[in-house]
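Novice: Dumping the structure here so I can ask a few things about it.
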Amino acid sequence: MQLVSDLSALRAQLAEWRAAGQRIALAPTMGNLHAGHLQLVKSAQKHADRVVVSIFVNPTQFGVNEDLDRYPRTLEADSQALEAIGADLIFHPDVDTMYPLGPGAVEVQVPGLDSILCGAHRPGHFTGVATVVTVLFNQVQPDVAVFGQKDYQQLAVIRRLARALHLPIEIIGEPTVREDDGLAMSSRNQYLTAGERALAPALYAQLCATAERLRAGERDFTALENEARQTLDARGFKTEYMTIASPDLTAPDTAMHHFALLVAARLGSARLIDNIEVSV
Ligand code: PAF
């Protein structure tokens, strides 16, 4: 496995693989890899001959008071984990390589989708994500790119981006990987104290409980959302949103058979998100 920070070295290797007729997959990450990330790589390996994993803590997707500075950077451990599962190349650029004209010189926006749910609580976040993913797509020009469904809204943003800009890249969403107690794996889980960590699985449990009520036929979405939010807040979460939506994140209607349930909540100094899809 190679570790490359330089764009011309990346391009030279990609050109060699392409000349050999090999399909290339990209798994974009911000590092601090856990089993969920490794699942993205394993999925990528099924869809391509070569897998590039990018590790870049993207400053443009963090708000001013967010965790950019304390976001865990663990390149050594990440490299070992990726080597062990047979990833081909880690692309680990610096900010100047990613943004040669400086962050913010050009921005990619996905209007509407970028300002609801997480976008309403993290202004500019999805512009940062859409911009960095566009940059990575242009640098790597992969045949396929793999993202986690845990970031449900991010996946929707990237799918729309790829369609709208006619990017010849297959976008694959990989199911969320969970701890044994149901907590969705996330690099931000390590911000939790022991007490908060014990409470954190209640987020997923609440999604499942609300899903059960939908399956049982309840369709007063606002009442279900409010009840779920109150339950979480009573347990110590500060819920930002708990939403029942259609799978494309538009408003649900009572005749629908497929729903997406999404939640974001603060627990101590961590901001946790989770979601599930429900068919009734
Ligand atoms: O999901 C993430 O880790 C990031 O948002 C991504 C897609 C790597 C862009 O920085």
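Novice: Quick one: dipole size for the range 40-106, taken about the Cα centre, charges +1 on Lys/Arg Cβ and -1 on Asp/Glu Cβ, in debye to the nearest 20.
Specialist: That gives the range 40-106 a dipole magnitude of about 260 debye.
Novice: Taking K46 as the anchor, which aspartates and glutamates have their alpha carbon closer than 17 Å to its alpha carbon, excluding any fewer than eight residues away along the same chain?
Specialist: E83, D88, D143, E170, E174
Novice: Have a look at N58, N226, N32 and tell me which one the Gaussian network model of the chain (Cα, springs below 10 Å) gives the largest fluctuation.
Specialist: Top of the fluctuation ranking is N226.
Novice: Over the chain, give the accessible area per residue in Å² for a 1.4 Å probe, as an integer.
Specialist: Here the residues of the chain average 46 Å² of exposed surface.
Novice: Classify the range 31-77 from the C-alpha gyration tensor, please: rounded if a/c falls under 1.5, else prolate or oblate depending on whether a/b exceeds b/c.
Specialist: Since a/c reaches 1.5 and a/b is larger than b/c, the shape of the range 31-77 is classed as prolate.
Novice: Between the alpha-carbon centers of the range 27-93 and the range 9-26, tell me the distance in whole angstrom.
Specialist: About 19 Å separates the Cα centre of the range 27-93 from the one of the range 9-26.
Novice: Okay, next question. Could you check how much of the accessible area of the chain is carbon and sulfur, as a whole percent, using a 1.4 Å probe?
Specialist: 51
Novice: Rank-order 263-274, 106-117 by packing density, defined as the average count of other C-beta atoms within 10 Å over each peptide's residues, highest first.
Specialist: 263-274, 106-117
Novice: Which of the lysines could be linked to K150 by a straight reach, that is with a Cα gap under 17 Å, when you skip same-chain ones fewer than 8 residues away?
Specialist: Straight-distance partners of K150: K42.
Novice: Report the relative contact order of the range 132-172, percent, no decimals, based on alpha-carbon pairs under 8 angstrom and at least 6 residues apart.
Specialist: Across the range 132-172, relative contact order equals 50 percent.
Novice: Decide, for the range 122-280, between rounded, prolate and oblate: order the square roots of the alpha carbon gyration tensor eigenvalues as a ≥ b ≥ c, take rounded if a/c falls under 1.5, and otherwise choose prolate if a/b is larger than b/c, else oblate.
Specialist: oblate
Novice: Would you please give the FRET efficiency between H166 and Q22, computed as 1/(1 + (r/R0)^6) with r the Cβ-Cβ distance and R0 = 22 Å, to the nearest 0.05?
Specialist: So, using R0 = 22 Å, E works out to roughly 0.40.
Novice: Quick check on the range 218-280: take the gyration tensor over C-alpha atoms, sort the square-rooted eigenvalues as a ≥ b ≥ c, and tell me if it's rounded (a/c under 1.5), prolate or oblate.
Specialist: Taking the square roots of the gyration eigenvalues as a ≥ b ≥ c, the range 218-280 is prolate.
Novice: Multiply the residue separation of D180 and N138 by 0.36 nm, subtract the distance between their alpha-carbon atoms, and state the gained length in nm to one decimal.
Specialist: Result: 11.4 nm gained on full extension.
Novice: Given R₀ = 45 Å, FRET efficiency for R70-D248 by Cβ-Cβ distance, to 0.05?
Specialist: Once rounded, the FRET efficiency stands at 0.85.
Novice: Order these peptides, 40-50, 139-149, by their mean beta-carbon neighbour count within 10 angstrom, highest first.
Specialist: Descending mean neighbour count gives 139-149, 40-50.
Novice: Quick check: pseudo-label points 7 Å beyond the Cα along Cα→Cβ at M256 and R215, how many nm apart are they?
Specialist: 1.9
Novice: Sticking with this one: In the range 143-197, if the dipole is taken from +1 on Lys/Arg beta carbons and -1 on Asp/Glu beta carbons about the Cα centre, which of T193, P168, Q149 is farthest to the positive end?
Specialist: Of the listed residues, the answer is P168.
Novice: So which residue, out of A120, A77, A105, gets the largest mean-square fluctuation from a GNM of the chain using Cα contacts under 10 Å as springs?
Specialist: A105
Novice: Compute from the Cα atoms of the chain the Rg and the Dmax, the latter being the longest Cα-Cα distance, and quote both in angstrom.
Specialist: Final numbers for Rg and Dmax: 19.2, 59 Å.
Novice: Kirkwood hydrodynamic radius, computed over distinct alpha-carbon pairs, for the range 1-119: how many Å, to one decimal?
Specialist: 15.8
The values are calculated or read from the model by the stated rules, or taken from the named source; none is laboratory data. Since this is a predicted model, take the numbers as computed values, not measurements. So basically every Cβ, Gly included, is an ideal-geometry build from the backbone, and we count neighbours across all protein chains shown. To get the accessible areas, we keep the full protein, side chains included, count just its heavy atoms, and leave off ligands, DNA and RNA. Shrake-Rupley method; radii C 1.70, N 1.55, O 1.52, S 1.80 Å.
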